[in-house]
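Shown next, in structure tokens, is the structure this report addresses.
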Amino acid sequence: MILRWPRLGKTELLRFGLSLLAPLAGTVSWLPQTIHGSPNLRVSSLVWCRPGSEGAQSGRLFSSSIDGSVSEWDLYDLRQKTVLDSIGISIWQMAAEPCNNLKLQLKQDSGSHENGHVNDMTNGVDDDRSSDSEEDDDDDSVNLHEQPVSDNTRLAVACDDGCVRIYTVSSADRLTYSRSLPRVSGRVLSVTWSPDASRIYSGSSDGYIRCWDAKLYHEMYRITVGLGGLGSGPELCILSLLALRCGTLVSADSTGSVQFWDIKHGTLLQAHSYHKGDVNALAAAPSHNRVFSAGSDGQVILYKLSGEVVGSGEVMKKWVYVGYVRAHTHDVRALTIAVPISREDASPDEKLKRPRGKEKPLEFSYHKWAHLGVPMLISAADDTKLFAYSVKEFTKFSPHDICPAPQRVQIQLVQDTVFNQTSFLLVQASEWLDILSVRPKNGTVSDIGFGPSSGPTPTDLVARVKCRASRKIICSTIAFSGSLFAYSDHVKPSLFELKRTKSGNQAWTVSKRQLPLDLPYAHSLAFSSDSSRLMIAGNDRKIYVADIESSKLVHTFVPCRKECGDGLPPSEPPITRMFTSCDGQWLAAVNCFGDVYIFNLELQRQHWFIARLDGASVTAGGFTPRSSNVLIISTSSNQVYAFDVEAKQLGEWSMRHTFSLPRRYQEFPGEVIGLSFPPSRSSSSVVVYSPRAMCLIDFGMPIDGDDDTDLANGQDIALRKLQIGKLKRKLKGHESETKSNGRKNFEFYAFRDPVLFVGHLSKHSLLIIDKPWMQVVKTLEAPPVHRHIYGT
């Protein structure tokens, strides 16, 4: 989450909805999942609450708003619900009561791990090791344990009127007000609990940290956070607090100071002033022996608990500065620690045959430190970027760019439309849809093969359709004919028809078509291949099939795990993706967790259920033009599967190759976000792409082994090796090689700028829509971090 903590009344907050990112081990990909909320929502804080005796097993996610309301984000139904109406006062931060009866024990076995709390050390420091270098560090690997059943959680809410309000989180749909702590001068900007839940710490705009008894609700002591003679006052705001198990309280303030306090007495232990502006966020490693801070100067700084032997032989512990990393161009607003949660990766000690070549620099290999159970730090900033860092080896490895193209817009391309075979682009924004016509140069698409780019392709705006005020578009689709398109906001779906006019000033007209009444809003939409029916994946977990000509409901599917589940109430997670076959027989629907349901549209019944593939979610898919029975699926672990849906089994290609793909593909640069099939029934290939690169897979060609010219080990090495300049030179030599030896399977092409969409205009021509990042940075309202250059 990206937000700006309040200082002198200025705020810059997340709006509209939430995007969740789950780190997955193996290839350590990042799976985004968006939950659309109210368009008027302005989020100021996010907090996870542990599962209660009747709560969700994975816990509950709450957000506070600048208007004083609190919402819960249902991760199963993908919806927002208000659990606390506006209290009329801005909420700046929330903190959930930690579990005080959790007894963690170190697990020595290396078996399977379940999601839950992490196993942490008691005091978070190893006295027998030197702490001056982060490389000589104790083991910060994480063992995951089950979360025990406990009573209802309390939620501490920091409010603008100087109060900390306490609410109880129960299994009900509303928060229960408990009581308020005594009001203080100034705003309460930060709040946190002690690890044993016996104390509450609050930081305010008057420069004080206050310690409260969590049972008796009275003030125990207060700390004046003044450094270098600044003292307290309106110029010093306590922006973040962090309580550690070792008995240390960490504070971050608007003077650029990070200070460590003794929890028992409230005395200062150490103070560091390495930041050159507001320190907005703090985070601690699971072992609580490392603390990270980030602020408005773009820096992320590491501090480490060190043990020094004094003259009497006593070990004195202190917090020392280790180093910093500056990956963001703008103010860093949030920090958190994440742990990959899927299948176990290959052991780092496992010996693999590597291609001969130059030694690869360690700082460019994301896979060397991103493994199951190994914690990683994540930072978010005003530049809309998310970066992942190694917690244990923070300064050794470069940060990993999780989202090369944040806020990726939904784009769909249709070729050979009824309008003189013109190709149309459907581009979805938050409040409108754009229909663009693609005009290839010289009026035709030439089959140039997989060669260098022919330059920018001009487009013309055909139509723009806006949704109603205070609404937001959730999903959209365009028919293969190009004459129909539809979208759904958080109220209902809408259908439109596009027509070309022969007279008048306007060349195109858009008219609204009627849909069946009482349809729910949708998470996904899809047209049949002949554009006669519209499939609507409703938020009620049903799939509605509407006939466009008669505006009647033809059939309603209820996804289920058993094929004979007709008539049962919906119980499966909501559908977020749908794909239709070219012959109009099959509909593939994917839920938000990665399960796939296959429906026969001709027989109007569910045909097959495919459980989550290798514990990963589906990132892209589609039916091949060559055979409407073949469904291609790509997962968040960057695996590719080919299914024979009619036979209800893996296709022959997947049976032979899915688990023996070339290593260069398993280390695909970035996370796969889309597939593109050539519009030819004789083609057997597909283009798989991520924001960083694309790969051509031909299912009719043999899979080649790795050699010296293959993709280097690691995503970032691959990008460095396949820079666009070198790519053009390589392609020139490749053209002659293709003529004599033929095209090589699993070929990679890197992108210079983050790519939003790749689609075929013809059998051998691709349309690539990228997003030059420097152009995006120039449009941001917040200025980039000023960096002084020596001598200027």
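In the condition set (1) assigned to a strand (DSSP E or B); (2) modelled with pLDDT under 50, Arg343 is compliant with all but (1).
Tell me which residues, restricted to the range 260-274, are farther than 20 Å from Glu219 by Cβ and either crowded, with 20+ Cβ neighbours inside 10 Å or at pLDDT below 90 (or both). Answer for the range 260-274, where residues must be farther than 20 Å from Glu219 by Cβ and either crowded, with 20+ Cβ neighbours inside 10 Å or at pLDDT below 90 (or both): just Phe260.
Note on the range 472-530: residues that are in contact (Cβ under 8 Å) with a residue 60 or more places away in the chain, part of a loop (DSSP other than H, G, I, E, B) and over 18 Å from Val427 (Cβ atoms) total 3. Being over 25 Å from Glu781 (Cα atoms) and either at pLDDT 90 or above or part of a strand (DSSP E or B) (or both): is that true of Ile337 here? Yes.
A quick yes/no check of all residues on (1) at pLDDT 85 or above; (2) under 22 Å from Pro754 (Cα atoms); (3) out of contact with any Cys (no Cβ under 8 Å at 6 or more places or on another chain):
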residue: Lys351; (1), (2), (3): no, no, yes
residue: Glu393; (1), (2), (3): yes, no, yes
residue: His400; (1), (2), (3): yes, yes, yes
residue: Val409; (1), (2), (3): no, yes, yes
residue: Leu413; (1), (2), (3): yes, yes, yes
residue: Asp416; (1), (2), (3): yes, no, yes
residue: Ser430; (1), (2), (3): yes, yes, yes
residue: Ser437; (1), (2), (3): yes, no, yes
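Here is a list: Ile633, Ile575, Ile610. Which entry is touching a Gly at 6+ places or on another chain (Cβ under 7 Å) and within 28 Å of Arg79 (Cβ to Cβ)? When all the criteria are applied, what remains is Ile633. The set of residues in the range 507-534 that are over 20 Å from Thr417 (Cα atoms) and under 27 Å from the mean Cα position of the chain (by Cα) comprises Pro520, Tyr521, Ala522, His523, Ser524. Quick one: would you say Val686 is assigned to a loop (DSSP other than H, G, I, E, B), closer than 28 Å to Ile411 by Cβ, at pLDDT 85 or above and within 29 Å of the chain's Cα centre (by Cα)? Answer is no for this residue. Filtering the range 72-86 to residues that are in contact with a Gly (Cβ under 7 Å, 6 or more places away or on another chain) and either surrounded by 18 or more Cβ atoms within 10 Å (Cβ to Cβ) or assigned to a strand (DSSP E or B) (or both) leaves only Gln80. The set of residues in the range 572-596 that are more than 22 Å from the chain's Cα centre (by Cα) and either assigned to a loop (DSSP other than H, G, I, E, B) or over 25 Å from Pro679 (Cα atoms) (or both) comprises Glu572, Ser581, Cys582, Asp583, Gly584, Gln585. Considering the range 207-308, the qualifying strands (runs of 3 or more DSSP E), each wholly inside and each with 3 or more residues that are of a type in the set (Gly, Ala, Ser), run over 279-284, 290-295.
Residue-by-condition table, conditions (1) more than 21 Å from Val618 (Cα to Cα); (2) modelled with pLDDT under 90; (3) buried (at least 20 other Cβ atoms within 10 Å of the Cβ); (4) among the polar types (S, T, N, Q):
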site	(1), (2), (3), (4)
Asn539	no, no, no, yes
Ser551	yes, no, no, yes
His555	yes, no, no, no
Lys562	no, yes, no, no
Gly584	yes, no, no, no
Leu587	no, no, yes, no
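For Ser379, the requirement of being hydroxyl-bearing (Ser, Thr, Tyr), surrounded by fewer than 20 Cβ atoms within 10 Å (Cβ to Cβ), at pLDDT 85 or above and within 23 Å of the chain's Cα centre (by Cα) is not met. Within the range 416-430, one or more residues are out of contact with any Ser or Thr (no Cβ under 9 Å at 6 or more places or on another chain) and touching a residue at least 24 places away in the same chain (Cβ under 8 Å).
For the range 285-336, residues that are of a type in the set (Ser, Thr, Tyr) and under 24 Å from the mean Cα position of the chain (by Cα) total 4. The set of residues in the range 648-669 that are in contact (Cβ under 8 Å) with a residue 12 or more places away in the chain, within 22 Å of Val596 (Cα to Cα) and not basic (Lys, Arg) comprises Gly651, Trp653, Ser654, His657, Thr658. In the range 617-630, the qualifying residues are those that are crowded, with 24+ Cβ neighbours inside 10 Å and of a type in the set (A, V, I, L, M, F, W, C), and the one that is farthest from Leu78 (Cα to Cα) is Phe623.
Within the range 164-175, identify whether any single residue is among the charged types (D, E, K, R), assigned to a loop (DSSP other than H, G, I, E, B), modelled with pLDDT of 90 or more and surrounded by 20 or more Cβ atoms within 10 Å (Cβ to Cβ), and answer yes or no.
Within the range 164-175, none of the residues are among the charged types (D, E, K, R), assigned to a loop (DSSP other than H, G, I, E, B), modelled with pLDDT of 90 or more and surrounded by 20 or more Cβ atoms within 10 Å (Cβ to Cβ).
The values are calculated or read from the model by the stated rules, or taken from the named source; none is laboratory data. These figures come from a predicted structure and were not determined experimentally. Backbone-built Cβ (ideal geometry, glycine too); neighbour counts: all protein chains shown.
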